Amino acid sequence: MPREAELSNNERSFILQALQENQRIDARPVDQYRKLDIKFGEDYGSVDIALGKTQIAVRLSCEVTAPYPERKFDGIFIISCEFSPMASPEFEIGRPNLDEILLSRILEKAIRRSSALDTESLCIVAGSKCFALRADIHVLDHDGNLIDAACIALMTALQHFRRPDVTVDGDSVTVHDIREREPVALSLIHHPLCVTFSHYNEGKTVLVDATQAEEQVRDGQVIITMNRHGELCQIAKYGGAAVDAYSIVNWSNMALPQVQTLSELIKAALDDDAKKRDAGGLMAELSAENER
Amino acid sequence: MTTTILHPLSSPDGSATHTAHGHTITAAVNGPLEVPRRDELPEEATVELHIRPATGISTIRERSLELLLEPTIRRLIRTETYPRTLIQLTLQILRSESSSTNTLTQVPALLGAAMLALLDGGVALRTTVVPALAVTARGQGAVLVDDVTEYEGEWDGTHVFGITGEGKVILAKSEGSFGVEEWKDACAVAVQGIMEGEEEDSDEEMYGDGDGGKQETGREWLMGVMAEKESS
């Protein structure tokens, strides 16, 4: 099985020693993200993001199906993040590795279980018809911090996506084509984002947005998810060295400004794209949406 | 529109993003790598090809495309120069225009992306291959199409060819209704279009914008992409 190239001992000690002096190898401040670049495809819900060298593509798609019998009033929302050998040769198809399991679990907790998406709004006819929304996350290039990048990409895609409009008349349901009726935005309750803190040196040094090299030498990571109002959705610490409770409290305070900055960047990108799409200035008239 | 970006990704050895016939594909090649024991071949490299759809899990459709392209690509690579190693190719479909539902129209885009990634990755190759898509209508001649999504006209048969540097056909796959003569015509048109460019009196579309004068042939297009890489 191919393996990812590991850092040499010299590289390890170089990075660690630099970190002890609060220096990162790419000269970033410890609390700064790399440059975030958000691009939208022509289709709704198609988002490509680049966070430094990490590149992630998200594609949202939806179809009409029958809801789960035990959840008659809910639509279906599936997040799929299968890694491919494209990002790193160590990722094998059909054999999920630890990173992949971790990423899907975190996204599940951060976005699905924190009810970012109102799945009830995907219901068309209770018990018989609903939308099944599927998010495919493709990791194209892996240079660390996949969790934050995937979370940003997915939240952007959810805000960008439009589902086809439907009319219900008794038992018959008409799904209107995108050209026939202006498609409808998803109903999102809040916009959680993940911030991963990588800690070193018994928790004395802490970094956000670690690169792959920095991830390889860290003692452990703590993933904090919150929305821009500072509401905490989840905290995860999978293994690694122990950290004391004060650090966790401290880091959750540090996460808020990060989340707010990222939210601003996402919003700016979305507004920019909306302006491009609204070429004739007719969007306001076409849309039947109400301001929430 | 045929567009190409070489080396869009930093971690794989070679990568390319290629758009053709309404399909956008990102290809990445890694190799030579350590090969799992069970796949190891004593005298040549193992070639692995994965095709991943933009949405949903990979199905029998992707498997059939893999089965079509994998032997073609394996024959291109000088596998004997990398014994007991693995050359891993991943083709990620990023976008498919809804108007191009035909599976076969994906093949030229996939093959083009794979070829460019292999060249970008510096994998030893026997020859290069340029994909071509030709359409035939019953009772009419074959036409080489640059972009099937912009092609105006009805057709009955779709033909995909992979043309090597020597002008030989390494891959041929067809769909629809057509006769032997029509197929031969399509094949000849594809070879000619890739190797020599179009004839003066025909209205076939070729790679590139072709603003007046003789249009770029498929081979010149591949050369152009690689020359740009050289100079950068």
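Readers should treat all values here as calculations from the given coordinates under stated rules, not as data from a laboratory. Being a predicted model, the structure only gives us computed values, none of them experimental. Cβ: placed from backbone, ideal geometry, glycine included. Neighbour counts: every protein chain shown.
Note down the net charge around B:I73, summing +1 for each Lys or Arg and -1 for each Asp or Glu among other residues with Cβ under 13 Å from its Cβ. The partial results should precede the final answer.
Values: positive: B:R74, B:R75, B:R78, B:R126; negative: B:E48, B:E66, B:E70.
Charge balance in the 13 Å sphere: +1.
So between A:M283 and A:F73, what do we pick up on full extension, going 0.36 nm a residue minus the alpha carbon distance? Please list the in-between numbers first.
Numbers: separation 210, 0.36 × 210 = 75.60 nm, distance 3.02 nm.
Extra length available between A:M283 and A:F73 comes to 72.6 nm.
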Q. Roughly how many whole Å is it from the C-alpha centroid of the range A:221-251 to that of the range B:150-182?
A. 58 Å
Q: Starting from the Cα of A:K109, draw a straight line to each of the lysines and keep only those under 18 Å, dropping any in the same chain fewer than 8 residues away.
A: A:K237
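Suppose R0 equals 35 Å. What FRET efficiency, 1/(1 + (r/R0)^6) with r the Cβ-Cβ distance, do B:T81 and A:K267 give to the nearest 0.05? Please report the intermediate quantities before stating the final value.
Numbers: r = 52 Å, r/R0 = 1.49.
Once the sixth-power term is evaluated, E becomes 0.10.
Using only alpha-carbon positions, what ratio does the radius of gyration of the range A:1-112 give when scaled by 2.2 N^0.38 Å? Kindly include the intermediate steps, with their values, before the conclusion.
Working: Rg = 19.2 Å, N = 112, 2.2 N^0.38 = 13.2 Å.
Dividing the Cα Rg of the range A:1-112 by 2.2 N^0.38 Å gives 1.45.
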**Q.** Linear extension gain, B:R38 paired with B:E150, 0.36 nm per residue minus alpha-carbon span
**A.** 35.7 nm
Q) Amide H to amide H, which residues 5 or more places from A:L117 or on other chains are under 5 Å from it, using H placed in the peptide plane? A) A:I189
Q. Under a plain spin-label model, where a point goes 7 Å from the Cα along Cα-to-Cβ, how far apart in nm are A:E231 and A:V175?
A. 3.1 nm
Q: May I ask you to evaluate 6.51 cos²θ - 1.76 cosθ + 1.60, the Karplus curve with θ = phi - 60°, for each residue of the range A:61-70 and list the ³J(HN,Hα) values in order in whole Hz, giving x for glycine and proline?
A: 9, 9, 9, 8, 9, 8, x, 4, x, 7
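In the calculated pair distance distribution of chain B, what percentage of Cα-Cα distances lie above 28 Å? Provide the component values of the computation, followed by the final result.
Details: 7604 of 26796 pairs.
It works out to 28 percent of all Cα pairs.
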Q. When the Kirkwood radius is taken over all Cα pairs of the range B:1-126, what Stokes-Einstein diffusion coefficient follows at 10 °C and 1.306 mPa s, in µm²/s?
A. 108 µm²/s
Q) Can you give the relative contact order of chain B as a percent, counting alpha carbon pairs under 8 Å and 6+ residues apart? A) 19 percent
Q | Under 5 Å, built H, 5+ apart or other chain: amide partners of B:T127 | A | none
Q: Quick one: among A:A269, A:A18, A:A236, which has the greatest mean-square fluctuation in a GNM of chain A with alpha-carbon springs under 10 angstrom?
A: A:A18
(Q) Taking the Cα centroid of the range B:5-54 and of the range A:29-45, what is the distance between the two, rounded to the nearest whole Å? (A) 25 Å
Q: Quick one: work out the % antiparallel among DSSP beta bridges in chain B, nearest 5.
A: 85 percent
Q: Could you tell me which of the pairs A:K267/B:K229; A:K35/A:K276; A:K35/A:K267; A:K129/A:K276; A:K39/B:K229 are separated by over 26 angstrom between their Cα atoms in the structure shown?
A: A:K267/B:K229; A:K129/A:K276
Q | Cα gyration tensor, the protein assembly as shown - rounded (a/c under 1.5), prolate or oblate | A | oblate
Q.
Between A:N253 and A:R12, what is the label-point separation in nm under the 7 Å Cα-to-beta-carbon projection?
A. 3.5 nm
Q: Specify the angular offset, from 0 to 90 degrees and rounded to the nearest 10, of the alpha carbon long axis of helix B:60-76 from the longest principal axis of the alpha carbons in chain B.
A: 80 degrees
Q) For the Cα atoms of chain B, what angle does the longest principal axis make with the long axis of helix B:106-120, in degrees from 0 to 90, nearest 10? A) 50 degrees
(Q) Which one, B:A114, B:A54, B:A27, has the greatest fluctuation when you compute a Gaussian network model over chain B with C-alpha springs under 10 angstrom? (A) B:A54
(Q) If you take every DSSP beta bridge fully contained in the protein assembly as shown, what fraction is antiparallel? Give it as a percent rounded to 5. (A) 90 percent
Q.
With θ taken as phi - 60° and the coefficients 6.51, -1.76 and 1.60, list the Karplus ³J(HN,Hα) couplings across the range A:73-87 in order, rounded to whole Hz; mark glycine and proline as x.
A. 9, 10, x, 10, 10, 10, 10, 10, 10, 7, 7, 10, x, 4, 6
Q) Roughly speaking, what is the centre-to-centre gap between the range A:179-217 and the range A:132-163 when only Cα atoms are used, to the nearest Å? A) 10 Å
Q.
With N set to the number of residues, divide the alpha-carbon radius of gyration of the range B:61-128 by 2.2 N^0.38 Å and report two decimals.
A. 1.21
(Q) Please list 3J(HN,Hα) in residue order for the range A:179-184, calculated via the Karplus relation 6.51 cos²θ - 1.76 cosθ + 1.60 where θ = phi - 60°; whole Hz, with x for glycine and proline. (A) 6, 7, 9, 4, x, 9
Q) Most mobile of B:T79, B:T105, B:T59 per a Gaussian network model of chain B (Cα springs, under 10 Å)? A) B:T59
Q.
Suppose each label sits 7 Å from its Cα in the direction of the beta carbon; what would the B:E216-A:A132 distance come out to in nanometres?
A. 4.3 nm
Q.
Please list log₁₀ I(q)/I(0) at q = 0.11, 0.15 Å⁻¹ for chain A, using the Debye equation with identical point scatterers on the alpha-carbon positions.
A. -0.70, -1.18
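Using only the Cα atoms of the range A:46-120, construct the convex hull and provide its projected area averaged over every direction, in square nanometres to one decimal. All intermediate terms of the calculation are to be shown ahead of the outcome.
Details: hull surface 26.3 nm².
Result: a mean projected hull area of 6.6 nm².
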